[in-house]
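Below is one structure, written out as structure tokens; the observations come after it.
The values are calculated or read from the model by the stated rules, or taken from the named source; none is laboratory data. Please read these numbers as outputs of a predicted model, since none were measured by experiment. Please note: Cβ atoms are built from the backbone with ideal geometry, for glycine as well, and neighbour counts cover all protein chains shown. Only protein heavy atoms, including side chains, enter the accessible area calculation; ligands, DNA and RNA are left aside. Shrake-Rupley method; radii C 1.70, N 1.55, O 1.52, S 1.80 Å.
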Amino acid sequence: MRLLITVARRIHKRPLYTPTSCLSSAASCSGAATNSGLQFRDDQLVSGSTGELVQRLRGQVEVRTEFISEEEEGALMKELEPGLRKKRYEFDHWDDAIHGYRETERAQWGAVCEGVMDRLRAVAFSEGSPLLGPVHVLDLDKAGYIKPHIDSVKFCGSTIAGLSLLSDSVMRLVRKDEPAEWLNLFLPRRSLYILRDQARYKFTHEILKDDESLFSGQRVPRHRRISVICRNLPV
Ligand code: OGA
Ligand code: MN
């Protein structure tokens, strides 16, 4: 367990990158139900610096709303909460990519959660793609956020797939060598996001803090958020 947590920490220890601020002008409309009351159509969950960029990264950036049911979210929380509650949120490691978090890893699940993991693996990874053993669980406090970073290429492969529990949030991708190129992803509670290939290697990703949490000009209140993240191994 200690070794695995060490690997998770190495994934996060990396130079930070500060992007330019960005807002898109896409209009909201009916679609996915969210816990902030915001509604966006499925094809409006990704906005970006240009329509051309959104098109170019289509297939490498995916958000699937309602990927898990309320019951499945409850089952995941029931399995994860007792272990998480024993830890304290970490706020003061200035060199960490994450602020206000606690984390754990999980290799074994009960039947309902294992069903969710099977579904996630089936949609995010090609068959036979070797996965990083345990699933990474990250609990962000309401005041917590994830700074821009790129996951370690030494420990993680081409695909990162994450479930969002408890809160809607905004994930921002900014191109490492061209900060004018950015995408914002609206991640509703109980959705799954998948980052692949260039979106994973060439763009930093971050989860915005509550007071910067905007998508298409609309406030997305950030509450405590738990993510359950699967990664594959580098080839
Ligand atoms: C990470 C990360 C995103 C999330 O842990 O490296 O980027 O959804 N997490 O929590
Ligand atoms: Mn990451």
Is at least one residue of segment 132-154 surrounded by fewer than 23 Cβ atoms within 10 Å (Cβ to Cβ) and over 30 Å from D92 (Cα atoms)? no
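Hey, does segment 103-114 have a residue that's within 16 Å of ligand 1 (Cβ to nearest atom), open to solvent by less than 30 Å² (accessible area, probe 1.4 Å) and closer than 26 Å to D42 by Cα?
Residues of segment 103-114 that are within 16 Å of ligand 1 (Cβ to nearest atom), as a first pass: 103-106.
Adding the requirement that they be open to solvent by less than 30 Å² (accessible area, probe 1.4 Å) leaves 103-105.
Now narrow it down to the ones that are closer than 26 Å to D42 by Cα: none.
Within segment 103-114, none of the residues are within 16 Å of ligand 1 (Cβ to nearest atom), open to solvent by less than 30 Å² (accessible area, probe 1.4 Å) and closer than 26 Å to D42 by Cα.
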Can E52 be described as over 25 Å from M117 (Cα atoms) and at pLDDT 95 or above? yes
Restricting attention to segment 199-235, and to residues there that are hydroxyl-bearing (S, T, Y) and in a loop (DSSP other than H, G, I, E, B), which single residue is farthest from ligand 2 (Cβ to nearest atom)? S216
Determine which member of the set Y193, Y201 is closer than 25 Å to M117 by Cβ and out of contact with any strand residue (DSSP E or B) (no Cβ under 7 Å at 6 or more places or on another chain). Y201
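Which residue out of H223, H149, H205 is more than 24 Å from L53 (Cβ to Cβ), under 16 Å from the mean Cα position of the chain (by Cα) and of a type outside the set (V, I, T)?
Working: H149 fails: more than 24 Å from L53 (Cβ to Cβ); H205 fails: more than 24 Å from L53 (Cβ to Cβ).
Among H223, H149, H205, only H223 is more than 24 Å from L53 (Cβ to Cβ), under 16 Å from the mean Cα position of the chain (by Cα) and of a type outside the set (V, I, T).
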Mind listing whichever residues of segment 133-143 are modelled with pLDDT of 95 or more and more than 10 Å from ligand 1 (Cβ to nearest atom)? P134, V135, D141, K142, A143
